[in-house]
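Read through the structure below, which is laid out as structure tokens, and then see the notes.
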Amino acid sequence: MRTVRFVSVSAATVLVALLLTACGGEQSDGDSLPSASTATPASGWDLSSRHNDAGRVAIDVQPLTLSDDQEIWEFDVALNTHSVDLSNDLAQVAVLRCDRGEEHQPLAWEGSSPGSHHRRGVLRFTSLDHQSSFVELVIRDVANVPERVFRW
């Protein structure tokens with residue numbers, strides 16, 4: 001399991017590096033991809049990265065910490081485009097949704113600021129206080145796409 005997660009994180013890192021290189025060397029304010037946690041959720045969720053490229057904006061999300069024994073859950077989020085303004089405040093347009101339909105606001109967005117064609121950072125949420133069969137990171141209203149859902 002750890003080898004598969006390491007390979008997934010490594011592959012995602014290489015993919016993002018190639019994408020940034022292909023975009024003319026323009027770099028985001030964020031650093032390299034943080035390491036995913038070795039802890040696993042009690043539910044056994046597949047913690048591989050998720051991708052959405054609607055509305056001319058590609059968004060990649062990788063859970064970094066998403067286990068029952070952690071107080072804070074973190075998601076690495078990368079947004080890339082060549083033609084759309086990425087001025088959204090990610091802390092305002094993202095929520096974490098559970099199988100009860102409850103939506104939880106992020107504690108913080110720590111990453112690149114609005115205005116670039118390439119943004120990267122970490123969204124932090126308080127972990128759920130109950131078991132859930134899934135969680136969804138929902139990002140709304142980026143590039144006129146009402147809702148993008150990344151589910152684990």
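The values are calculated or read from the model by the stated rules, or taken from the named source; none is laboratory data. Please read these numbers as outputs of a predicted model, since none were measured by experiment. Backbone-built Cβ (ideal geometry, glycine too); neighbour counts: all protein chains shown.
Here are the numbers for the structure shown:
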| read-out | value |
| --- | --- |
| Any hit, the range 62-75, residues being in contact (Cβ under 8 Å) with a residue 12 or more places away in the chain, among the acidic types (Asp, Glu), assigned to a loop (DSSP other than H, G, I, E, B) and out of contact with any Ser or Thr (no Cβ under 8 Å at 6 or more places or on another chain) | yes |
| Tabulated pairs, the range 96-113, first on the phi > 0 side of the Ramachandran plot, second part of a loop (DSSP other than H, G, I, E, B) and at pLDDT 95 or above, C-beta under 7 angstrom, 6+ apart or interchain | none |
| Conditions (1) surrounded by 18 or more Cβ atoms within 10 Å (Cβ to Cβ); (2) modelled with pLDDT under 95; (3) more than 20 Å from Ser133 (Cα to Cα); number of the one not met by Val57 | (2) |
| For His51: the one exception among (1) out of contact with any strand residue (DSSP E or B) (no Cβ under 7 Å at 6 or more places or on another chain); (2) free of Cβ contacts under 8 Å to residues at least 24 places away in the same chain | (1) |
| Evaluation of Arg119 against (1) loosely packed, with under 15 Cβ neighbours inside 10 Å; (2) in contact (Cβ under 8 Å) with a residue 24 or more places away in the chain; (3) charged (D, E, K, R); (4) more than 19 Å from Leu47 (Cβ to Cβ) (one fails), failing number | (1) |
| Output for the range 51-70, where each listed residue is of a type in the set (Asp, Glu) and under 16 Å from Arg148 (Cα atoms) | Asp53, Asp60 |
| Residue satisfying all of: in the range 100-152; of a type in the set (Gly, Ala, Ser), at pLDDT 95 or above and part of a strand (DSSP E or B); farthest from Asp69 (Cα to Cα) among these | Gly121 |
| Residues of the range 76-99 satisfying the condition of being over 22 Å from Ala143 (Cα atoms) and not in a loop (DSSP other than H, G, I, E, B) | Cys98 |
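Every residue, every condition in (1) surrounded by 21 or more Cβ atoms within 10 Å (Cβ to Cβ); (2) within 16 Å of the chain's Cα centre (by Cα), yes or no:
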| site | (1), (2) |
| --- | --- |
| Gln70 | no, no |
| Asn80 | yes, yes |
| Ala91 | no, yes |
| Val95 | no, yes |
| Asp99 | no, no |
| Glu102 | no, no |
| Gln105 | no, yes |
